[in-house]
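Notes follow once the structure below has been shown.
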Amino acid sequence: MQTTRGGEYMQIRLNGKDYPLAEQTKTLHDLIQQLNIDEEVVIIEQNHQIIDRSRYMDTNVQSGDVVEIVHFVGGG
Amino acid sequence: MTDRYSRQIRFRPIGQDGQDQLAERCVVIIGLGALGTASAEQLVRAGVGQVTLIDRDYVEWSNLQRQQLYTERDARERLPKAVAAKQRLCEVNSTVTIEAIVEDVTATNIERLVAQADLIMDATDNFAIRMLINDVAAKREIPWIYGACVASYGMTYTVLPKETPCLHCLLNHLPQQQDTCDTRGIISPAVQLVASHQVTETLKLLTGAKAALRRTLLSFDLWTNQQSQIDVTSLKQAACPSCGDAAVYPYLNGTPLQFVTLCGRDTVQVRGEGKRDLVRLENEIRARGMKSQRNPYLLMFETEQHRIVAFADGRILIHGEADPEQAKQTYATYFK
């Protein structure tokens, strides 16, 4: 379900697909929590710029953002 | 012989020149699970001149769903994976050199194991060994290719010494491993896609086609139809302890633990003190009135609580035990 913030549909482009943002998803930290990904193994690019891991808490996610997330796994 | 590589030679970016170069190169594959068997088969069929296969484990029934070089017979005989893989690959292509090494890769032996390598193929299953590969690759200036998968998700990254960020640049520290193939499962197509990316990058590197390298950190999820690529060039750290200007190779210079719980498995691995005489061990076990099963590489026996596998290289696996302290007691009972 798409949600609205101030009457506007909140949606980002995540890994090449449209992704509706939940009301409570304000920052990159919130986003990876919602995706259930472990923060210490993730690389995030927001609008073609890699965001430092220490800044996820205070980096806002805006409607229309293009976000790429790659997380490391160990199996093989 | 002349026909064998004809379709690959007809592929223009490789051609006869590329094929000749492949015949001169050595790839060391660390880990012969799903990823390792997939890339080993492709590299041997492609005519890479020397392929070294390293794995510490033996074939089990749960491997057969995706580890493409193994058969039911290998699982029944509990053949070491490196040995079983070599047997199959020699049937596939007898014109290349294939070496099988049944050893646990550690800080102590890894420099010797990769001494010949033009490229190291990562097909392991945990972060600790990859950090070790990353250190040795940086130190010896050998390119290596990270590959990993779990469930329907896969990812890969090509590390070029002195050029790209290394794994340590990207992760900063050794992460806890949360998801494994044992806990979340794995489907074979995810394996095949990761291996295909890894092998393609290998073919480019070995034939000198560096301009064609992908140059991104890549991930995909085949089930949810997602794919992502990130250019991580900006993450290269000049002060990286593994690849920076004053590198100290912290994982290569660390001390290996003696008792290690294998990730996602109810098993503790004990690193022994050198090679073990399996015949003598078998006699000792039988003297206790217990049954055992032995092949040239390992001996297996069962206690009331554990299944114990002792390898000729000195290692021991204690299955049915996740606590290293308990494992120490079990070890002391049977091996001291």
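For the reader, a short list of remarks on this structure follows.
- Residue in the range B:5-23 that is closer than 21 Å to residue B:181 by Cα, hydroxyl-bearing (Ser, Thr, Tyr) and either open to solvent by less than 20 Å² (accessible area, probe 1.4 Å) or out of contact with any His (no Cβ under 9 Å at 6 or more places or on another chain) (or both) present: no
- Residue among B:48, B:28 that is closer than 30 Å to residue B:125 by Cβ and in a loop (DSSP other than H, G, I, E, B): B:48
- Among the residues of the range A:56-76, those identified as touching a Lys or Arg at 6+ places or on another chain (Cβ under 9 Å), β-branched (Val, Ile, Thr) and more than 10 Å from every other protein chain (Cβ to nearest Cβ) are A:61, A:66.
- Test: residue in the range A:21-41 that is at the interface with chain B (Cβ under 9 Å from one of its Cβ atoms) and modelled with pLDDT of 95 or more: no
- Only residues that are within 9 Å of the chain's Cα centre (by Cα) and either over 21 Å from residue B:217 (Cβ atoms) or more than 10 Å from chain B (Cβ to nearest Cβ) (or both) were counted across the range A:42-55, and they come to 1.
- Within the range B:179-197, the set of residues being at pLDDT below 90 and outside any helix (DSSP H, G or I) comprises B:179, B:180.
- Tallying residues that are more than 12 Å from chain A (Cβ to nearest Cβ), open to solvent by 30 Å² or more (accessible area, probe 1.4 Å) and outside any helix (DSSP H, G or I) within the range B:111-143 yields 4.
- Residues of the range B:215-226 satisfying the condition of being at the interface with chain A (Cβ under 8 Å from one of its Cβ atoms) and at pLDDT below 95: B:225, B:226
- Residues in the range B:36-66 that are in contact with a Ser or Thr (Cβ under 8 Å, 6 or more places away or on another chain) and surrounded by fewer than 24 Cβ atoms within 10 Å (Cβ to Cβ): B:42, B:47, B:49, B:50, B:64, B:65, B:66.
- Test: residue A:11 is in contact with an Asp or Glu (Cβ under 9 Å, 6 or more places away or on another chain) and more than 18 Å from residue B:227 (Cβ to Cβ): yes
- Residue match in the range B:91-100 (condition: of a type in the set (S, T, N, Q), closer than 15 Å to residue B:252 by Cβ, without any contact (Cβ under 8 Å) to a residue 24 or more places away in the chain and not in a helix (DSSP H, G or I)): no
The values are calculated or read from the model by the stated rules, or taken from the named source; none is laboratory data. Since the model is a prediction, treat every value here as computed from it, not as a measurement. Every residue, glycine among them, receives a Cβ derived from its backbone with ideal geometry; neighbour counts consider all protein chains shown. These accessible areas exclude ligands, DNA and RNA; they are computed on the full protein's heavy atoms, side chains included. Shrake-Rupley method; radii C 1.70, N 1.55, O 1.52, S 1.80 Å.
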